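Notes follow once the structure below has been shown.
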Amino acid sequence: MLVGISRPSDRGRSVEAVYALLAPAVLGYFRAHRLPDPEGLTGDVFVSVARGLPTFTGDDGALRRWVFTIAHHRGVDEVRRRARRPDALPIDGLDLPGPSGEDDGLDPALLEALAVLTPDQREVVVLRHVADLSVADVARATGRSEGSVKMLCARGLDALAAHLGVPSPD
Amino acid sequence: MPSFTRVMTEHDDLTQRLGALGGAPVPDPVRDQHLHAMRAAAPAPTAERRRFGRFAVAAAAIVGFAAGSTGFAMAGALPDPAQGVAHDVLSVVQVDVPDRPSGHGLCMSTAAKQTDPAAKKAEQQACKEAKQAGTGERGRSADAPGKTGDAPGRPAEAGPHPNADTSDCKGRPAWAGTKGGPSAEQRAARDACPPDEGELDEQQSDEADPQRQEAPATPADPAAPDTSPQPPVDPPAAPPADPATPAEPVDPPADTPPADGGQPEDVPPVDG
């Protein structure tokens with residue numbers, strides 16, 4: 001489905017279609033990075049998407065890569081902004097939703113385990129598995145080589161497994 | 001098996017949990033808020049309309065320029081070359097704009113450069129008609145004293161004298177101003193003119209110099225207005241005299257055309 005091609009006659013639907021397709025992944029991306037106000041950051045990302053969507057051309061893969069590039073930059077800006085504010089709450093001090101009986105898609109244990117990873121590992125793992133980008137797209141979005149992406153992803157998954165107590169095959 | 005693939009196989013459950021984190025739906029209130037902000041932020045005109053805007057601006061600029069130029073042309077405010085072009089172009093579409101102004105003096109001097117007597121006479125006649133049409137240009141008057149029998153100093157705007165005769169015996173000779181001088185036929189034609197026409201005699205016409213053609217208005221005819229002829233290029237040979245002051249008997253220079261008609265009686269007439 002080519003939702004990335006802007007059609008002036010149904011531009012509104014295109015915007016909604018893009019949101020329906022990618023908003024959950026973007027929200028999960030910000031949640032995985034344990035950034036405060038992930039809903040607000042998601043809204044900022046899609047406001048930028050709405051402004052640039054009329055001039056965007058490409059398939060679904062290019063659209064996903066473009067949206068998560070915006071999300072990655074927005075996340076980096078937010079981290080830098082909070083780093084400049086001495087009174088900003090530390091990320092670790094934020095209350096994360098605990099386990100609930102409802103299937104709301106949140107995995108507190110996983111979110112807590114992601115905090116153990118280094119920022120580079122977390123970035124790559126989240127883009128690769130939460131945003132569902134390919135290795136090449138992750139490399140392009142983060143400005144790394146594909147080999148570096150693979151290495152960081154493998155080490156990140158090992159660290160998550162170790163923290164979550166997933167038994168190793170060895 | 002490559003290490004990366006091995007890792008992926010071992011951590012399938014972990015990757016599935018990560019994938020589920022990216023699949024959790026956005027709460028409805030948050031979704032509505034986001035969509036509202038997106039619709040407000042989306043640009044209303046499309047790129048196509050923006051491009052149309054550029055074309056519209058360019059078309060409006062062209063139309064405005066054309067309208068402005070036409071307006072200037074109709075007011076005669078364009079430079080002479082442009083005014084002439086505008087006259088020629090707009091006349092095709094039946095739009096009447098004034099032609100480039102043609103100075104009568106310039107016209108006459110241009111006509112005087114013709115070597116063909118017939119062509120020269122035709123151009124001079126055309127210049128007179130153009131001036132009569134009301135260009136309003138003040139050129140070197142063809143009504144210089146002694147030329148057409150008009151009173152000296154007759155205003156150029158008055159046009160040719162109703163009784164002006166455009167035959168070879170009137171006005172400036174066809175060969176005046178040329179280096180070659182009159183031909184035998186021209187000389188004979190001039191000799192056949194009656195002596196009281198007030199024309200230049202052969203000697204004076206042969207020596208006539210465009211720079212000396214402007215004769216001062218001699219004060220012979222007090223009734224005539226003292227309007228000195230306006231030379232197009234050259235300064236007058238002598239300052240104009242005061243009509244109220246009777247002229248002293250002064251011998252005119254040899255190359256100065258005699259006063260036409262209203263010579264004072266005490267000034268010896270020049271043989272014609």
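Rule-based calculations on the coordinates, nothing more; no lab input. In this text, all values refer to a predicted model and were calculated from it rather than measured experimentally. For neighbour counting, all protein chains shown are included, and Cβ atoms are generated from backbone atoms with ideal geometry for every residue, glycine included.
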| task | Using a Förster distance of 25 angstrom, determine the FRET efficiency expected from the C-beta separation of B:A61 and B:V85, and round it to 0.05. | result | 0.75
| Farthest positive-ward along region A:38-89 dipole, Cα basis, beta-carbon charges - from A:H73, A:G40, A:G52 | A:H73
| query | Averaged over peptide A:44-55, how many Cβ atoms belonging to another chain are found within 10 Å of each residue's Cβ? | reply | 4
| request: Using only the alpha carbon atoms of region A:15-84, find the Kirkwood hydrodynamic radius as the inverse mean reciprocal pair distance, in angstroms to one decimal. | output: 12.3
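Taking the Cα centre of region A:15-84 as the origin, how large is its charge dipole in debye, to the nearest 20, when only Lys and Arg (+1) and Asp and Glu (-1) carry charge on their Cβ atoms? Write down the numbers at each step before the final one.
Working: 10 positive and 8 negative charges, 83 e Å.
It comes to approximately 400 debye.
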| field | Approximate spin-label separation B:T110-A:D59, in nm, with each point projected 7 Å along Cα-to-Cβ | value | 7.3
